[in-house]
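Take a look at the structure set out below.
The values are calculated or read from the model by the stated rules, or taken from the named source; none is laboratory data. None of these values were measured; they are calculated from a predicted model. Glycine also receives a Cβ, built like all others from the backbone with ideal geometry; neighbour counts cover every protein chain displayed.
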Amino acid sequence: MRLMLLRHGQTPHNIVGALDTTRPGAELTALGHAQARAVPDALRGERISAIHASVLIRTQLTAAPLAEARGLAVSVAEGIEEVSAGELELRTDRASVARYIGVTHSWIDGDLDRVMPGGSSGHEFLAGYDAAIAAIAAAWDGQGAVLVVSHGAAIRAWVAIRAGGVGTVEDRWLANTGMVTLDGDPLAGWNLVRWHAEPLGGSASAAVTAHDVTGAPIDEAESRATG
């Protein structure tokens, strides 16, 4: 099974570097909508049999142009939403961003017992994301790829923990509408096919968000915090 994990388009909170993780979350900016509209053409050579999005509205808006172009419905799935920021929700200061990123990278390094302040442990995050991907895989019709629109920190953490051939993610970008492609299944495991760091669609949608903290490498994320 080919699994494509697409990060959502730009939101106002990406612009200011806010940790936006609760429901329903921010909508897309004008650029975010442009990034979403660039996805169908960027993936025109890919056979896609199903599209899934998280419960946060920005992923559903990102999925919509591709779904329309392919005549597919967008299935909303619990468990593939962003890593909850807990007490750090909507904060933009450097200490909060560093703590949020630090917790997710502790999970990647194997410390799943560590808990986000006021949020979940790595075990809880991983169980939710695993269950969602397992359900998506179980519903796969055996044809084409499955595209899942999810979130920066969540994709980075889950892929780093569950997929082979990734190496370290600390130095990897995953910009808005960047995409990670995997092959495998929940039982046999997953392997990295491609880490597309930049927005799909190229220069037309490739503006850099000055304070995007969940798509940046760990050192960059901390330096992009606003205070």
Cβ contacts < 7 Å: first residue within 16 Å of G86 (Cα to Cα) and charged (D, E, K, R), restricted to region 96-110; second residue modelled with pLDDT of 95 or more and buried (at least 17 other Cβ atoms within 10 Å of the Cβ), any location; separation 6+ or different chain. Result?
R99/L88
Helices (runs of 4 or more DSSP H) wholly in region 1-97 with at least 3 residues that are β-branched (V, I, T) and modelled with pLDDT of 95 or more - which ones?
57-70
Check off (1) polar (S, T, N, Q); (2) closer than 22 Å to T181 by Cβ; (3) crowded, with 22+ Cβ neighbours inside 10 Å for S75 and give me the number that stays unchecked.
(3)
Tally up the residues in region 98-136 that are of a type in the set (V, I, T), more than 24 Å from M1 (Cα to Cα), touching a strand residue (DSSP E or B) at 6+ places or on another chain (Cβ under 9 Å) and part of a helix (DSSP H, G or I), please.
1
Which residues, counting only those in region 139-156, are in a loop (DSSP other than H, G, I, E, B) and either at pLDDT below 95 or more than 18 Å from L61 (Cα to Cα) (or both)?
W140, D141, G142, Q143, G144
Counting only residues that are closer than 16 Å to T11 by Cβ and within 18 Å of the chain's Cα centre (by Cα), region 66-96 contains a total of 6
Which residue pairs have Cβ atoms under 7 Å apart, sit 6 or more places apart or on different chains, and have a first residue in region 64-78 that is of a type in the set (K, R) and a second that is crowded, with 16+ Cβ neighbours inside 10 Å?
R70/I48
Of the residues in region 157-176, how many are buried (at least 20 other Cβ atoms within 10 Å of the Cβ) and in a loop (DSSP other than H, G, I, E, B)?
4
Read through the list (1) out of contact with any Ser or Thr (no Cβ under 6 Å at 6 or more places or on another chain); (2) in contact (Cβ under 8 Å) with a residue 24 or more places away in the chain; (3) surrounded by fewer than 23 Cβ atoms within 10 Å (Cβ to Cβ), then give the number of the only condition that T92 fails.
(1)
Using the structure shown, decide if D185 is under 30 Å from L72 (Cα atoms), more than 17 Å from the chain's Cα centre (by Cα) and of a type outside the set (S, T, Y).
yes
